[in-house]
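Asks: After the structure tokens below, expect a handful of questions from me.
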Amino acid sequence: MTELYDDGVVEEVIRPAAVLPEEAARLVLVELALRSIDAGGVWDASPTVWHRYDRPRDPSDPAPIDTRLVGTLQVAYGTPTRYEITVYRATITRLGTEQGWTVETLCDEALGYGNLTLASCPRASLAPPPPHFKM
């Protein structure tokens, strides 16, 4: 956790949030599972966060994980509709920054499994704020 709060960390709220349509969301989830750290890949995906590590881990190696986190994507499954995924925040660790990772490259790698980039991904619609309550 100290690495996440160290100098060189880049955190960005993606506004408006990127929304993976159903077909792209399915492709991304399948590819992240195939590239799971537990299967010798570099991703560890859960319904709230996707972690990207610096190198694959040998799943048959009983030693502790010798990989380091380069970045995370905070996601929400089932929003704005049941089968869509919203990507709303990205964090690049100091190690990731040193290795040349950016918010765009991290997002583009993950979204690329669904044939999207951060620039081409549909965005959440932003509703205007409600009017002020007047007495």
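Where a number appears in this text, it was derived from the coordinates with a stated rule and is not lab data. All values derive from a computational prediction rather than experimental measurement. Positions of Cβ are backbone-derived with ideal geometry, glycine not excepted, and every protein chain shown enters the neighbour counts.
Asks: Could you tell me which of rounded, prolate or oblate describes region 81-135, using a ≥ b ≥ c as the square roots of the eigenvalues of the alpha-carbon gyration tensor, with rounded for a/c under 1.5 and, failing that, prolate when a/b is larger than b/c and oblate otherwise?
Replies: oblate
Asks: If the chain between E23 and T79 were fully stretched, how many nm would it gain, using 0.36 nm times the residue separation less the Cα-Cα distance?
Replies: Value of the extension gain: 18.7 nm.
Asks: With a 10 Å Cβ neighbour count serving as the proxy for reagent exposure, in which order, fewest first, do L27, L118, L20 appear?
Replies: Ranking L27, L118, L20 by Cβ neighbours within 10 Å, fewest first, gives L27, L118, L20.
Asks: First measure r as the distance between the Cβ atoms of E98 and A127, then evaluate 1/(1 + (r/R0)^6) with R0 = 41 Å and state the FRET efficiency to the nearest 0.05.
Replies: It comes to 0.55.
Asks: Shifting gears a bit: Rounded, prolate or oblate: which fits region 2-112 when a ≥ b ≥ c are the square roots of the eigenvalues of the alpha-carbon gyration tensor, with rounded for a/c under 1.5 and prolate only if a/b beats b/c?
Replies: It comes out oblate by the Cα gyration axes.
Asks: Separate question: Report, largest value first, the span of the C-alpha coordinates of region 21-73 along each principal axis, in whole Å.
Replies: On the principal axes, region 21-73 reaches 38, 20, 15 Å in Cα extent.
Asks: Run the simple label-point estimate for R89 and D58 please: 7 Å along Cα→C-beta, distance reported in nm.
Replies: Distance between the two pseudo-spin positions: 3.7 nm.
Asks: Sticking with the crude label model, points 7 Å out along Cα→Cβ, report the distance from E11 to L34 in nm, one decimal please.
Replies: Distance between label points: 3.3 nm.
Asks: Measuring from label point to label point, each 7 Å out along Cα→Cβ, what is the T117 to V49 span in nm?
Replies: Taking the two extended label points, one gets 2.8 nm.
Asks: ³J(HN,Hα) across region 87-104 via Karplus (A = 6.51, B = -1.76, C = 1.60, θ = phi - 60°), whole Hz, x for Gly/Pro?
Replies: So the Karplus estimates, Gly and Pro as x, are 9, 10, 8, 10, 10, 10, 6, 4, 4, x, 4, 5, 8, x, 6, 10, 4, 5 Hz.
Asks: Can you give me the angle between helix 22-34 and the longest principal axis of the chain, using Cα atoms only, in degrees from 0 to 90, rounded to the nearest 10?
Replies: 20 degrees
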